[in-house]
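I have placed the structure first, in the form of C-alpha coordinates, so that the comments after it can refer back to it.
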Amino acid sequence: MYALVDCNNFYVSCERVFNPALIGKPVIVLSNNDGCAISRSQEAKDLGVEMGAIPHLMPEEMCKQLRMFSSNYTLYGDMSDRVMKTLSLFVPRMEVYSIDEAFLDMSDMSYTNLQALGVKIRTTVLRNTAIPTCVGIAPTKVLAKMANRYAKKRVKEIGVFAASTPARVQQLLDYTAVGDVWGIGRQYADMLVKNKIITAADFVNAPEDFVRAKMSVVGLRLQKELKGIPCLEWTFEPPKKKAIGSSRSFGSLVTDKNIIKQALSNYAANCALKLRAQHSAAGNLKVFIHTNPHRKQDEQYYQSIVIQMAKATNLTTDIVKHAMQGLDFIFRPGFNYLKCGIELGNIVPEDQVQFDLFSNRDDTKIKKATATLDKINAKFGKDLVRFSMQGFQKPYKARAEHLSKCFTTRLEDIIKIK
Amino acid sequence: MQFIPYTGMQHLQPSSGDAKVPTGFPSPAMEFMEERITLDKIVVENPLSTYFAYNEGEAMTEAGIFPGSILVVDKALNARSGDIVIVFINGEYIARYIKMSMNKCTLWAANKKVQPIEVTEEMEMVVWGVVVSVVTDSKTIKLCTRW
(Lines give C-alpha, C1' and ligand atoms only; values in the text may rest on other atoms or scores of the structure.)
Protein backbone atom coordinates (compact mmCIF):
# COMPACT_ATOMS: atom_id res chain seq x y z
CA MET A 1 0.00 0.00 0.00
CA TYR A 2 1.28 3.45 -0.84
CA ALA A 3 0.16 6.90 0.14
CA LEU A 4 0.89 9.96 -1.95
CA VAL A 5 0.70 13.09 0.18
CA ASP A 6 1.07 16.48 -1.42
CA CYS A 7 0.59 20.00 -0.11
CA ASN A 8 -2.05 22.24 -1.64
CA ASN A 9 -0.57 25.29 -3.33
CA PHE A 10 2.47 24.84 -1.13
CA TYR A 11 4.28 28.18 -1.36
CA VAL A 12 1.06 30.16 -0.96
CA SER A 13 0.08 27.94 1.95
CA CYS A 14 3.41 28.67 3.65
CA GLU A 15 2.81 32.41 3.32
CA ARG A 16 -0.68 32.00 4.77
CA VAL A 17 0.64 30.24 7.88
CA PHE A 18 2.35 33.40 9.07
CA ASN A 19 -0.10 35.87 7.59
CA PRO A 20 -3.67 34.68 8.18
CA ALA A 21 -4.96 37.84 6.46
CA LEU A 22 -4.15 36.03 3.19
CA ILE A 23 -6.62 33.23 3.87
CA GLY A 24 -9.50 33.26 1.39
CA LYS A 25 -7.82 35.88 -0.78
CA PRO A 26 -6.23 35.62 -4.24
CA VAL A 27 -2.51 35.16 -3.55
CA ILE A 28 0.38 34.16 -5.78
CA VAL A 29 4.04 33.44 -5.21
CA LEU A 30 6.49 34.45 -7.90
CA SER A 31 9.47 32.54 -9.18
CA ASN A 32 12.99 33.71 -8.39
CA ASN A 33 13.56 37.22 -9.71
CA ASP A 34 9.82 37.83 -9.44
CA GLY A 35 9.48 36.33 -12.89
CA CYS A 36 6.19 34.52 -13.01
CA ALA A 37 3.55 32.85 -10.85
CA ILE A 38 4.67 29.47 -9.56
CA SER A 39 2.07 29.02 -6.85
CA ARG A 40 -1.51 30.25 -6.79
CA SER A 41 -4.23 30.15 -4.17
CA GLN A 42 -7.59 28.73 -5.26
CA GLU A 43 -8.98 32.28 -5.30
CA ALA A 44 -6.18 33.38 -7.63
CA LYS A 45 -6.93 30.41 -9.89
CA ASP A 46 -10.60 31.39 -9.88
CA LEU A 47 -9.57 34.90 -10.91
CA GLY A 48 -7.99 33.36 -13.98
CA VAL A 49 -4.32 33.54 -13.03
CA GLU A 50 -2.50 30.81 -14.98
CA MET A 51 0.54 28.91 -13.80
CA GLY A 52 3.52 30.83 -15.12
CA ALA A 53 1.59 34.08 -15.55
CA ILE A 54 3.83 37.12 -15.70
CA PRO A 55 2.79 39.94 -13.34
CA HIS A 56 3.45 42.95 -15.55
CA LEU A 57 1.58 41.31 -18.40
CA MET A 58 -1.55 40.71 -16.33
CA PRO A 59 -4.66 42.87 -16.84
CA GLU A 60 -4.76 45.67 -14.30
CA GLU A 61 -8.04 44.52 -12.79
CA MET A 62 -6.46 41.17 -11.98
CA CYS A 63 -3.28 42.68 -10.58
CA LYS A 64 -5.15 44.98 -8.24
CA GLN A 65 -6.87 42.11 -6.50
CA LEU A 66 -3.79 39.94 -6.16
CA ARG A 67 -1.38 39.72 -3.25
CA MET A 68 2.02 38.79 -4.68
CA PHE A 69 5.00 37.35 -2.89
CA SER A 70 8.56 36.65 -3.96
CA SER A 71 9.65 33.09 -3.32
CA ASN A 72 11.00 32.67 0.17
CA TYR A 73 12.77 29.34 -0.08
CA THR A 74 14.28 29.67 3.37
CA LEU A 75 10.80 29.61 4.80
CA TYR A 76 9.41 27.02 2.40
CA GLY A 77 12.33 24.69 3.03
CA ASP A 78 11.80 24.75 6.76
CA MET A 79 8.07 24.18 6.43
CA SER A 80 8.72 21.36 3.97
CA ASP A 81 10.99 19.69 6.50
CA ARG A 82 8.28 19.95 9.14
CA VAL A 83 5.76 18.40 6.78
CA MET A 84 8.09 15.54 5.82
CA LYS A 85 9.12 14.88 9.41
CA THR A 86 5.46 14.78 10.38
CA LEU A 87 4.77 12.24 7.63
CA SER A 88 7.71 10.14 8.78
CA LEU A 89 5.95 9.71 12.11
CA PHE A 90 3.49 7.44 10.35
CA VAL A 91 5.72 5.18 8.25
CA PRO A 92 9.21 3.72 8.49
CA ARG A 93 10.00 4.40 4.83
CA MET A 94 9.06 7.19 2.52
CA GLU A 95 10.24 8.72 -0.73
CA VAL A 96 10.34 12.50 -0.79
CA TYR A 97 9.47 13.26 -4.38
CA SER A 98 9.66 17.05 -4.29
CA ILE A 99 9.55 19.93 -1.83
CA ASP A 100 5.88 19.32 -1.19
CA GLU A 101 5.15 15.69 -2.13
CA ALA A 102 6.09 12.34 -0.75
CA PHE A 103 5.23 8.69 -1.26
CA LEU A 104 4.72 6.78 1.97
CA ASP A 105 5.41 3.05 1.96
CA MET A 106 2.72 1.45 4.06
CA SER A 107 3.27 -2.14 3.04
CA ASP A 108 4.44 -3.38 6.42
CA MET A 109 1.52 -2.03 8.29
CA SER A 110 -1.85 -3.55 8.84
CA TYR A 111 -4.24 -0.67 9.26
CA THR A 112 -7.85 -1.68 9.26
CA ASN A 113 -9.16 1.70 8.18
CA LEU A 114 -6.99 3.38 5.58
CA GLN A 115 -9.37 6.25 5.02
CA ALA A 116 -9.23 7.09 8.71
CA LEU A 117 -5.45 6.83 8.63
CA GLY A 118 -5.33 9.19 5.66
CA VAL A 119 -7.46 11.66 7.54
CA LYS A 120 -5.18 11.33 10.58
CA ILE A 121 -2.11 12.03 8.45
CA ARG A 122 -3.73 15.06 6.89
CA THR A 123 -4.96 16.37 10.21
CA THR A 124 -1.59 15.94 11.89
CA VAL A 125 0.24 17.82 9.14
CA LEU A 126 -2.39 20.55 9.41
CA ARG A 127 -2.00 20.78 13.18
CA ASN A 128 1.78 20.90 13.11
CA THR A 129 2.22 23.23 10.17
CA ALA A 130 -1.20 24.66 9.22
CA ILE A 131 -0.48 23.43 5.68
CA PRO A 132 -3.41 21.72 3.92
CA THR A 133 -2.61 18.53 2.02
CA CYS A 134 -4.31 15.84 0.02
CA VAL A 135 -3.75 12.16 0.65
CA GLY A 136 -4.24 9.36 -1.87
CA ILE A 137 -3.86 5.78 -0.67
CA ALA A 138 -3.81 2.82 -3.05
CA PRO A 139 -2.08 -0.48 -3.75
CA THR A 140 0.40 1.04 -6.22
CA LYS A 141 2.22 4.34 -6.77
CA VAL A 142 0.38 5.17 -9.98
CA LEU A 143 -2.96 4.48 -8.28
CA ALA A 144 -1.90 6.48 -5.24
CA LYS A 145 -1.24 9.47 -7.50
CA MET A 146 -4.62 8.91 -9.05
CA ALA A 147 -6.29 8.69 -5.64
CA ASN A 148 -4.57 11.89 -4.57
CA ARG A 149 -5.84 13.69 -7.66
CA TYR A 150 -9.31 12.32 -7.03
CA ALA A 151 -9.20 13.53 -3.44
CA LYS A 152 -8.18 16.96 -4.64
CA LYS A 153 -10.87 17.24 -7.28
CA ARG A 154 -13.82 15.21 -6.06
CA VAL A 155 -13.66 15.16 -2.29
CA LYS A 156 -11.97 18.50 -1.72
CA GLU A 157 -13.44 19.16 1.72
CA ILE A 158 -12.11 15.86 3.04
CA GLY A 159 -8.95 15.83 0.96
CA VAL A 160 -8.35 12.11 1.47
CA PHE A 161 -9.20 9.12 -0.70
CA ALA A 162 -8.19 5.60 0.23
CA ALA A 163 -8.66 3.15 -2.63
CA SER A 164 -8.61 0.28 -0.18
CA THR A 165 -11.19 -1.93 -1.90
CA PRO A 166 -11.52 -3.05 -5.51
CA ALA A 167 -14.72 -1.01 -5.70
CA ARG A 168 -12.89 2.14 -4.61
CA VAL A 169 -10.10 1.47 -7.10
CA GLN A 170 -12.76 1.08 -9.79
CA GLN A 171 -14.16 4.47 -8.82
CA LEU A 172 -10.77 5.99 -9.56
CA LEU A 173 -10.35 4.15 -12.84
CA ASP A 174 -13.78 5.19 -14.09
CA TYR A 175 -13.24 8.80 -13.13
CA THR A 176 -9.76 9.32 -14.58
CA ALA A 177 -9.15 10.03 -18.26
CA VAL A 178 -6.15 8.25 -19.80
CA GLY A 179 -4.40 11.58 -20.33
CA ASP A 180 -4.56 12.21 -16.60
CA VAL A 181 -2.82 8.98 -15.65
CA TRP A 182 0.67 9.57 -14.32
CA GLY A 183 3.09 8.34 -16.95
CA ILE A 184 0.77 8.59 -19.95
CA GLY A 185 1.87 11.58 -21.98
CA ARG A 186 -0.22 13.48 -24.47
CA GLN A 187 0.80 11.47 -27.50
CA TYR A 188 0.03 8.12 -25.93
CA ALA A 189 -3.23 9.54 -24.60
CA ASP A 190 -4.23 10.67 -28.09
CA MET A 191 -3.36 7.27 -29.50
CA LEU A 192 -5.42 5.52 -26.83
CA VAL A 193 -8.42 7.76 -27.31
CA LYS A 194 -8.25 7.08 -31.06
CA ASN A 195 -8.48 3.40 -30.15
CA LYS A 196 -11.57 4.06 -28.02
CA ILE A 197 -9.64 3.82 -24.76
CA ILE A 198 -10.91 6.86 -22.92
CA THR A 199 -10.71 6.21 -19.20
CA ALA A 200 -8.14 4.48 -17.05
CA ALA A 201 -10.72 1.72 -16.66
CA ASP A 202 -10.72 1.24 -20.43
CA PHE A 203 -6.94 1.12 -20.37
CA VAL A 204 -6.96 -1.58 -17.71
CA ASN A 205 -9.23 -3.67 -19.91
CA ALA A 206 -7.18 -3.17 -23.05
CA PRO A 207 -5.56 -6.35 -24.37
CA GLU A 208 -1.99 -6.79 -23.18
CA ASP A 209 -0.71 -7.45 -26.66
CA PHE A 210 -2.09 -4.14 -27.81
CA VAL A 211 -0.51 -2.28 -24.93
CA ARG A 212 2.83 -4.02 -25.39
CA ALA A 213 2.81 -3.28 -29.10
CA LYS A 214 1.82 0.39 -28.76
CA MET A 215 3.47 1.34 -25.52
CA SER A 216 6.08 -1.34 -24.92
CA VAL A 217 6.88 -2.85 -21.57
CA VAL A 218 6.53 0.49 -19.78
CA GLY A 219 2.91 0.68 -20.89
CA LEU A 220 2.39 -2.86 -19.66
CA ARG A 221 3.77 -1.99 -16.24
CA LEU A 222 1.49 1.04 -16.09
CA GLN A 223 -1.37 -1.29 -16.83
CA LYS A 224 -0.21 -3.65 -14.08
CA GLU A 225 0.06 -0.79 -11.61
CA LEU A 226 -3.47 0.28 -12.48
CA LYS A 227 -4.56 -3.32 -11.89
CA GLY A 228 -3.13 -3.05 -8.39
CA ILE A 229 0.15 -4.87 -8.91
CA PRO A 230 3.11 -2.77 -7.79
CA CYS A 231 5.93 -2.73 -10.28
CA LEU A 232 9.16 -1.95 -8.59
CA GLU A 233 10.83 -1.48 -11.94
CA TRP A 234 10.77 2.25 -11.68
CA THR A 235 12.38 4.21 -8.94
CA PHE A 236 13.54 7.74 -8.45
CA GLU A 237 16.91 6.67 -7.13
CA PRO A 238 19.72 6.84 -9.64
CA PRO A 239 21.57 3.58 -10.34
CA LYS A 240 24.96 3.44 -8.69
CA LYS A 241 26.92 1.44 -11.26
CA LYS A 242 29.01 2.93 -14.00
CA ALA A 243 26.94 3.50 -17.10
CA ILE A 244 26.96 4.58 -20.69
CA GLY A 245 25.47 8.00 -20.86
CA SER A 246 24.73 10.84 -23.16
CA SER A 247 23.63 14.25 -22.18
CA ARG A 248 24.27 17.84 -22.91
CA SER A 249 23.44 21.23 -21.55
CA PHE A 250 21.31 23.40 -23.74
CA GLY A 251 22.94 26.63 -24.81
CA SER A 252 19.79 28.56 -24.12
CA LEU A 253 17.11 27.46 -21.70
CA VAL A 254 14.35 25.18 -22.85
CA THR A 255 10.76 25.07 -21.66
CA ASP A 256 9.17 23.16 -24.55
CA LYS A 257 8.72 19.45 -23.95
CA ASN A 258 9.01 18.71 -27.65
CA ILE A 259 12.50 20.15 -27.79
CA ILE A 260 13.51 18.02 -24.83
CA LYS A 261 12.01 14.98 -26.54
CA GLN A 262 14.05 15.71 -29.60
CA ALA A 263 17.23 16.09 -27.59
CA LEU A 264 16.59 12.95 -25.61
CA SER A 265 15.95 10.97 -28.78
CA ASN A 266 19.32 12.02 -30.00
CA TYR A 267 21.05 11.14 -26.78
CA ALA A 268 19.24 7.82 -26.71
CA ALA A 269 20.37 7.10 -30.22
CA ASN A 270 23.94 8.01 -29.30
CA CYS A 271 23.89 5.67 -26.34
CA ALA A 272 22.46 2.84 -28.41
CA LEU A 273 25.24 3.38 -30.93
CA LYS A 274 27.87 3.17 -28.21
CA LEU A 275 26.31 -0.03 -26.95
CA ARG A 276 26.33 -1.68 -30.35
CA ALA A 277 29.87 -0.55 -30.98
CA GLN A 278 31.02 -2.52 -27.95
CA HIS A 279 28.59 -5.40 -28.54
CA SER A 280 26.72 -4.79 -25.31
CA ALA A 281 23.10 -4.43 -24.33
CA ALA A 282 21.62 -2.37 -21.48
CA GLY A 283 19.21 -3.71 -18.85
CA ASN A 284 18.03 -0.37 -17.58
CA LEU A 285 17.79 3.22 -18.62
CA LYS A 286 17.81 6.43 -16.62
CA VAL A 287 16.32 9.67 -17.88
CA PHE A 288 17.02 12.95 -16.12
CA ILE A 289 16.19 16.61 -16.58
CA HIS A 290 17.08 19.62 -14.54
CA THR A 291 17.24 23.39 -14.39
CA ASN A 292 20.36 25.52 -13.97
CA PRO A 293 21.28 25.68 -10.29
CA HIS A 294 23.42 28.77 -10.89
CA ARG A 295 20.52 30.80 -12.17
CA LYS A 296 19.24 31.94 -8.81
CA GLN A 297 16.40 33.71 -10.55
CA ASP A 298 14.96 30.42 -11.82
CA GLU A 299 12.70 28.02 -10.06
CA GLN A 300 14.75 24.83 -9.58
CA TYR A 301 13.69 21.33 -10.60
CA TYR A 302 15.62 18.11 -10.79
CA GLN A 303 14.08 14.74 -11.45
CA SER A 304 15.16 11.41 -12.81
CA ILE A 305 13.64 7.99 -13.34
CA VAL A 306 15.16 4.56 -13.88
CA ILE A 307 13.31 2.15 -16.15
CA GLN A 308 14.08 -1.55 -16.26
CA MET A 309 13.91 -3.11 -19.72
CA ALA A 310 11.97 -6.29 -20.36
CA LYS A 311 15.19 -7.65 -21.77
CA ALA A 312 18.56 -6.01 -22.22
CA THR A 313 18.68 -4.22 -25.53
CA ASN A 314 20.85 -2.06 -27.72
CA LEU A 315 18.24 -1.24 -30.29
CA THR A 316 17.69 2.46 -30.82
CA THR A 317 13.96 2.01 -31.14
CA ASP A 318 13.70 0.41 -27.71
CA ILE A 319 15.91 2.92 -25.98
CA VAL A 320 14.28 5.94 -27.57
CA LYS A 321 10.82 4.63 -26.77
CA HIS A 322 11.63 4.03 -23.12
CA ALA A 323 13.35 7.38 -22.85
CA MET A 324 10.21 9.12 -24.09
CA GLN A 325 8.08 7.19 -21.64
CA GLY A 326 10.44 8.07 -18.81
CA LEU A 327 10.12 11.73 -19.74
CA ASP A 328 6.33 11.48 -19.49
CA PHE A 329 6.76 10.70 -15.81
CA ILE A 330 9.23 13.39 -14.88
CA PHE A 331 8.57 16.36 -17.17
CA ARG A 332 6.84 19.31 -15.54
CA PRO A 333 5.87 22.41 -17.51
CA GLY A 334 6.88 25.88 -16.38
CA PHE A 335 10.60 25.37 -15.78
CA ASN A 336 13.66 26.67 -17.63
CA TYR A 337 15.50 23.43 -18.29
CA LEU A 338 19.24 23.46 -18.67
CA LYS A 339 20.05 19.83 -19.27
CA CYS A 340 18.58 16.48 -20.05
CA GLY A 341 20.20 13.14 -20.51
CA ILE A 342 20.20 9.39 -20.67
CA GLU A 343 22.22 6.86 -18.76
CA LEU A 344 22.19 3.20 -19.59
CA GLY A 345 22.92 0.71 -16.87
CA ASN A 346 23.10 -2.99 -16.18
CA ILE A 347 25.23 -3.48 -19.24
CA VAL A 348 25.76 -7.04 -20.40
CA PRO A 349 27.41 -8.63 -23.41
CA GLU A 350 25.11 -8.73 -26.41
CA ASP A 351 25.09 -12.49 -26.72
CA GLN A 352 24.12 -13.07 -23.11
CA VAL A 353 20.78 -11.28 -23.29
CA GLN A 354 17.98 -13.20 -21.62
CA PHE A 355 14.79 -13.64 -23.54
CA ASP A 356 11.63 -11.73 -22.84
CA LEU A 357 9.18 -14.58 -22.28
CA PHE A 358 6.20 -12.66 -23.53
CA SER A 359 7.53 -11.09 -26.64
CA ASN A 360 7.07 -12.72 -30.01
CA ARG A 361 8.90 -9.87 -31.61
CA ASP A 362 11.25 -10.82 -34.42
CA ASP A 363 14.27 -8.61 -34.05
CA THR A 364 16.05 -9.46 -37.31
CA LYS A 365 14.29 -6.75 -39.31
CA ILE A 366 14.89 -4.18 -36.63
CA LYS A 367 18.54 -5.14 -36.40
CA LYS A 368 18.95 -4.63 -40.12
CA ALA A 369 17.25 -1.27 -39.99
CA THR A 370 19.38 -0.33 -37.04
CA ALA A 371 22.55 -0.91 -38.98
CA THR A 372 21.30 1.59 -41.58
CA LEU A 373 20.20 3.90 -38.82
CA ASP A 374 23.71 3.81 -37.44
CA LYS A 375 24.94 5.44 -40.60
CA ILE A 376 22.28 8.14 -40.36
CA ASN A 377 22.90 8.58 -36.66
CA ALA A 378 26.42 9.67 -37.33
CA LYS A 379 24.93 12.66 -39.11
CA PHE A 380 21.94 13.01 -36.77
CA GLY A 381 23.86 14.65 -34.03
CA LYS A 382 25.12 17.47 -36.22
CA ASP A 383 21.82 18.31 -37.82
CA LEU A 384 19.16 17.88 -35.22
CA VAL A 385 20.87 19.21 -32.18
CA ARG A 386 20.68 22.81 -33.19
CA PHE A 387 21.22 24.30 -29.76
CA SER A 388 23.85 26.95 -29.66
CA MET A 389 26.65 26.39 -27.20
CA GLN A 390 26.88 29.90 -25.81
CA GLY A 391 27.75 30.38 -22.23
CA PHE A 392 25.15 31.13 -19.58
CA GLN A 393 23.94 34.62 -18.80
CA LYS A 394 25.90 36.36 -16.10
CA PRO A 395 24.39 35.72 -12.70
CA TYR A 396 23.07 38.85 -11.02
CA LYS A 397 21.29 39.70 -7.82
CA ALA A 398 17.77 38.38 -8.12
CA ARG A 399 14.89 40.82 -7.81
CA ALA A 400 12.62 40.03 -4.88
CA GLU A 401 10.41 42.98 -4.15
CA HIS A 402 7.76 41.06 -2.27
CA LEU A 403 9.73 38.85 0.07
CA SER A 404 8.14 37.77 3.32
CA LYS A 405 10.24 37.20 6.43
CA CYS A 406 12.08 34.09 7.54
CA PHE A 407 9.69 33.49 10.38
CA THR A 408 11.19 30.23 11.55
CA THR A 409 14.91 30.65 11.01
CA ARG A 410 15.78 34.24 11.92
CA LEU A 411 15.12 35.53 15.39
CA GLU A 412 14.67 39.06 14.09
CA ASP A 413 11.92 37.83 11.73
CA ILE A 414 9.62 35.94 14.11
CA ILE A 415 6.00 37.11 14.24
CA LYS A 416 5.37 40.20 16.40
CA ILE A 417 2.68 40.18 19.06
CA LYS A 418 1.16 43.61 19.65
CA MET B 1 50.25 12.09 23.14
CA GLN B 2 49.49 14.78 20.60
CA PHE B 3 48.48 18.42 20.61
CA ILE B 4 45.30 18.75 18.59
CA PRO B 5 42.35 21.17 18.54
CA TYR B 6 39.69 20.31 21.08
CA THR B 7 36.37 20.17 19.28
CA GLY B 8 34.35 18.62 22.07
CA MET B 9 33.68 15.25 23.68
CA GLN B 10 36.79 13.71 22.13
CA HIS B 11 38.06 12.08 25.30
CA LEU B 12 34.61 11.19 26.56
CA GLN B 13 33.32 9.14 23.67
CA PRO B 14 34.44 5.71 22.50
CA SER B 15 36.87 6.28 19.65
CA SER B 16 35.49 5.46 16.21
CA GLY B 17 37.90 3.93 13.72
CA ASP B 18 41.16 5.84 13.53
CA ALA B 19 40.18 8.74 15.77
CA LYS B 20 42.92 8.93 18.37
CA VAL B 21 41.99 9.28 22.02
CA PRO B 22 43.91 12.45 22.93
CA THR B 23 44.64 11.43 26.49
CA GLY B 24 45.84 8.01 25.46
CA PHE B 25 43.41 6.15 27.74
CA PRO B 26 39.60 6.08 27.96
CA SER B 27 37.95 8.45 30.42
CA PRO B 28 36.19 6.92 33.45
CA ALA B 29 33.22 9.08 32.55
CA MET B 30 32.79 7.57 29.10
CA GLU B 31 29.96 5.17 29.90
CA PHE B 32 28.02 7.73 31.86
CA MET B 33 27.85 10.63 29.46
CA GLU B 34 24.47 12.22 28.82
CA GLU B 35 23.28 15.04 26.57
CA ARG B 36 23.57 18.46 28.13
CA ILE B 37 20.39 20.34 28.94
CA THR B 38 19.46 22.97 26.37
CA LEU B 39 16.64 25.47 26.31
CA ASP B 40 14.95 23.44 23.58
CA LYS B 41 14.65 20.51 25.96
CA ILE B 42 12.98 22.71 28.53
CA VAL B 43 10.49 24.62 26.43
CA VAL B 44 10.05 22.76 23.16
CA GLU B 45 7.98 19.62 23.49
CA ASN B 46 7.13 19.12 19.82
CA PRO B 47 9.71 20.76 17.55
CA LEU B 48 7.58 20.13 14.46
CA SER B 49 4.73 22.30 15.76
CA THR B 50 6.71 24.81 17.82
CA TYR B 51 7.23 28.37 16.65
CA PHE B 52 8.47 31.53 18.33
CA ALA B 53 6.85 34.94 18.67
CA TYR B 54 8.21 38.26 19.90
CA ASN B 55 5.92 40.08 22.30
CA GLU B 56 5.85 43.84 21.89
CA GLY B 57 2.77 44.88 23.86
CA GLU B 58 1.91 45.33 27.54
CA ALA B 59 -1.46 43.61 27.51
CA MET B 60 -0.20 40.56 29.43
CA THR B 61 2.36 42.05 31.81
CA GLU B 62 0.52 40.79 34.88
CA ALA B 63 0.98 37.27 33.52
CA GLY B 64 4.72 37.75 33.22
CA ILE B 65 4.71 38.46 29.51
CA PHE B 66 6.61 41.68 28.91
CA PRO B 67 7.52 43.76 25.92
CA GLY B 68 10.64 41.91 24.80
CA SER B 69 9.55 38.47 25.98
CA ILE B 70 9.81 35.65 23.49
CA LEU B 71 6.82 33.35 23.45
CA VAL B 72 7.11 29.66 22.66
CA VAL B 73 3.98 28.76 20.71
CA ASP B 74 2.68 25.26 19.96
CA LYS B 75 0.37 25.28 16.96
CA ALA B 76 -0.69 21.69 17.38
CA LEU B 77 -2.46 22.11 20.71
CA ASN B 78 -6.19 22.66 20.91
CA ALA B 79 -6.80 25.85 22.83
CA ARG B 80 -8.74 25.24 26.02
CA SER B 81 -10.59 27.81 28.06
CA GLY B 82 -8.09 29.60 30.30
CA ASP B 83 -5.09 29.04 28.00
CA ILE B 84 -2.90 31.90 26.88
CA VAL B 85 -3.16 31.93 23.12
CA ILE B 86 -1.87 33.86 20.15
CA VAL B 87 -4.74 35.01 17.99
CA PHE B 88 -4.76 36.86 14.71
CA ILE B 89 -7.57 39.36 14.90
CA ASN B 90 -8.28 42.61 13.08
CA GLY B 91 -5.11 42.14 11.04
CA GLU B 92 -2.61 41.67 13.86
CA TYR B 93 -1.33 39.12 16.37
CA ILE B 94 -2.19 39.52 20.06
CA ALA B 95 -1.67 37.34 23.13
CA ARG B 96 -4.61 36.87 25.47
CA TYR B 97 -6.31 34.46 27.81
CA ILE B 98 -9.07 32.74 25.89
CA LYS B 99 -12.35 32.01 27.62
CA MET B 100 -14.83 29.84 25.80
CA SER B 101 -18.36 29.11 26.92
CA MET B 102 -21.57 27.89 25.30
CA ASN B 103 -21.74 30.30 22.35
CA LYS B 104 -19.33 32.96 23.45
CA CYS B 105 -15.64 33.49 23.08
CA THR B 106 -13.85 36.24 25.00
CA LEU B 107 -10.23 37.32 25.02
CA TRP B 108 -8.96 38.64 28.36
CA ALA B 109 -5.82 40.64 28.94
CA ALA B 110 -3.54 40.44 32.00
CA ASN B 111 -3.48 44.20 32.43
CA LYS B 112 -6.13 46.32 34.15
CA LYS B 113 -5.80 48.99 31.48
CA VAL B 114 -6.72 46.64 28.63
CA GLN B 115 -10.34 45.79 27.82
CA PRO B 116 -11.51 42.24 27.09
CA ILE B 117 -12.58 41.47 23.53
CA GLU B 118 -15.87 39.75 22.78
CA VAL B 119 -15.15 37.82 19.61
CA THR B 120 -17.61 38.10 16.74
CA GLU B 121 -17.59 36.37 13.37
CA GLU B 122 -16.85 39.59 11.51
CA MET B 123 -13.52 39.83 13.30
CA GLU B 124 -12.42 36.64 11.46
CA MET B 125 -10.33 35.58 14.43
CA VAL B 126 -7.80 32.81 13.91
CA VAL B 127 -6.36 31.03 16.93
CA TRP B 128 -2.76 30.77 15.83
CA GLY B 129 -1.43 28.65 18.66
CA VAL B 130 -1.12 28.11 22.40
CA VAL B 131 1.64 29.81 24.37
CA VAL B 132 3.47 27.05 26.23
CA SER B 133 6.41 29.01 27.58
CA VAL B 134 7.67 32.53 28.01
CA VAL B 135 11.33 33.37 27.70
CA THR B 136 12.27 36.72 29.17
CA ASP B 137 15.80 37.86 29.79
CA SER B 138 16.60 39.63 33.05
CA LYS B 139 17.36 42.93 31.33
CA THR B 140 13.77 43.05 30.13
CA ILE B 141 12.43 42.05 33.53
CA LYS B 142 14.41 44.72 35.30
CA LEU B 143 13.27 47.29 32.77
CA CYS B 144 9.60 46.31 33.05
CA THR B 145 9.29 45.80 36.75
CA ARG B 146 11.35 48.79 37.81
CA TRP B 147 12.15 47.38 41.20
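List of remarks:
- Put a dot 7 Å past the Cα of A:Ala167, heading toward its Cβ, do the same for A:Arg332, and the two dots end up 3.6 nm apart.
- Dipole-positive endmost among A:Ser164, A:Ala269, A:Val49 within the protein assembly as shown (Cβ charges, Cα centre): A:Ala269
- Highest mean first, the peptides A:133-145, A:267-279, A:179-191 sorted by other C-beta atoms within 10 Å per residue fall in the order A:133-145, A:267-279, A:179-191.
- Of all DSSP beta bridges in the protein assembly as shown, antiparallel share, percent nearest 5: 85
- Spatially proximal aspartates and glutamates relative to B:Lys113 (Cα-Cα < 19 Å; intrachain offsets below 8 disregarded): B:Glu56, B:Glu58, B:Glu62
- FRET efficiency, A:Val119 to A:Glu208 (Cβ-Cβ, R0 35 Å, nearest 0.05): 0.45
- Cα shape, chain A, gyration tensor, a/c 1.5 rule: oblate
- The mean accessible area for residues of chain A, using a 1.4 Å probe and ignoring ligands and nucleic acids, is 48 Å² per residue.
- Note on segment A:259-335: the C-alpha convex hull projects to 5.5 nm² when averaged across all orientations.
- Inter-site label distance for A:Ile229 and B:Glu34 at 7 Å from Cα along Cβ, in nm: 5.6
- Buried surface for the A/B pair, taken as the accessible area of each chain alone minus that of the pair with a 1.4 Å probe, is close to 2100 Å² in total.
- Rounded to whole numbers, the Karplus 3J(HN,Hα) couplings from phi for segment A:30-46 are 9, 5, 3, 6, 6, x, 8, 6, 10, 8, 9, 6, 4, 5, 5, 4, 5 Hz, using 6.51 cos²θ - 1.76 cosθ + 1.60 with θ = phi - 60°, and x at Gly and Pro.
- Of the GluC sites (Glu not before Pro) found in segment B:108-147, none is in coil by DSSP with at most 10 other Cβ atoms within 10 Å of its Cβ.
- Average beta-carbon neighbours from other chains, 10 Å sphere, peptide B:85-96: 3
- Approximating the spin labels as points 7 Å out from Cα along Cα→Cβ, the A:Lys85-to-A:Val155 distance works out to 3.0 nm.
- Remark on B:Trp128: its backbone amide H falls under 5 Å from those of B:Ile86, B:Val87, B:Phe88, a criterion applied only to residues 5 or more positions apart or on other chains, H modelled at 1.01 Å from N.
- Per-residue HN-Hα couplings for segment A:51-66 [Karplus 6.51, -1.76, 1.60; θ = phi - 60°; Hz; x = Gly/Pro]: 5, x, 5, 9, x, 6, 9, 7, x, 4, 4, 5, 4, 4, 8, 8
- Note, ³J(HN,Hα) from phi for segment A:243-251, Karplus 6.51, -1.76, 1.60, rounded to Hz, x at Gly and Pro: 9, 8, x, 8, 7, 7, 8, 6, x
- Shape of segment A:122-223, Cα gyration tensor, a/c cut at 1.5: prolate
- Surface share of carbon and sulfur [accessible, 1.4 angstrom probe, percent] for the protein assembly as shown: 55
- Per residue Cα convex hull volume in Å³ - calculated over segment A:43-132: 128
- Three-way shape label, chain B, alpha-carbon gyration tensor, a/c 1.5: prolate
- Here the calculated FRET efficiency for B:Glu56 and B:Ser27, from their Cβ-Cβ distance with R0 = 51 Å, stands at 0.60, rounded to the nearest 0.05.
- Sum of -39500 (n - 2.57) over DSSP H runs of 4+, divided by residues of the protein assembly as shown (222 nm, nearest 500): -10000 deg cm²/dmol
The values are calculated or read from the model by the stated rules, or taken from the named source; none is laboratory data. In this text, all values refer to a predicted model and were calculated from it rather than measured experimentally. A quick note on method: Cβ atoms are made from the backbone with ideal geometry, for glycine too, and the neighbour counts reach across all protein chains shown. Surface areas here come from the heavy atoms of the whole protein model, side chains and all, with no ligands, DNA or RNA. Shrake-Rupley method; radii C 1.70, N 1.55, O 1.52, S 1.80 Å.
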